[in-house]
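The values are calculated or read from the model by the stated rules, or taken from the named source; none is laboratory data. Remember, it's a predicted structure, so these values are computed and weren't measured experimentally. Virtual Cβ from ideal backbone geometry, glycine too; neighbours counted across all protein chains shown.
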Amino acid sequence: MSVDDEYLRGQLLSDDTWPEKFHIREDDAYFYRATDPATGEEQVRRHNVVLRETRSKRTGDVIRTERLLENDALVCYSPDLVTAPILPEKPGRPAPPIRPRRRNLPRLPGICSRCGPDPPVPGVMRDLL
């Protein structure tokens, strides 16, 4: 594992030979300001999409690109440390309405109350188990 000015670099090794190599990269990355639905306070969030490119080892051509996940996370450190521009709002759609916090639903244990998830939606965890 190593880090340079632009990339976190690493590799997985195998006894088998693969005709392809994989690159994990992000796309559509930005910071933006939003209103915390629980408190009404302003917060900074970071958005990005994580992609996996499969490339031919022989030609270097991209064979396919897969979207692995879309991430939208609360920034839990001082916004003063963000060196990229912080947009005034999330692009592409209006900010969601502020909804009152549901006090009767438990928070996940061990999660910071400032950085923890939104209150759980009834039935969601049951449906996932």
ask   = Counting just the residues of the range 8-31 that are among the acidic types (Asp, Glu) and in a strand (DSSP E or B), which one comes out farthest from the chain's Cα centre (by Cα)?
value = Glu20
query = Quick one: in the range 90-107, which of the residues that are exposed (fewer than 12 other Cβ atoms within 10 Å of the Cβ) and within 13 Å of Tyr30 (Cβ to Cβ) is modelled with the highest pLDDT?
reply = Pro91
key: Among (1) surrounded by 14 or more Cβ atoms within 10 Å (Cβ to Cβ); (2) modelled with pLDDT under 95 - the single one Leu87 does not satisfy   = (2)
ask   = Assuming Arg52 fulfils every condition listed in (1) modelled with pLDDT under 90; (2) surrounded by 12 or more Cβ atoms within 10 Å (Cβ to Cβ); (3) charged (D, E, K, R) apart from one, which condition is it?
value = (1)
message = For the structure I just gave you, tell me whether Thr59 is in contact with a strand residue (DSSP E or B) (Cβ under 7 Å, 6 or more places away or on another chain), farther than 14 Å from Ile86 by Cβ and either free of Cβ contacts under 8 Å to residues at least 60 places away in the same chain or surrounded by fewer than 16 Cβ atoms within 10 Å (Cβ to Cβ) (or both).
response = no
ask   = Among the listed residues Tyr32, Tyr7, Tyr77, which satisfies the condition of being of a type in the set (Ser, Thr, Tyr), on the phi < 0 side of the Ramachandran plot and touching a residue at least 40 places away in the same chain (Cβ under 8 Å)?
value = Tyr32
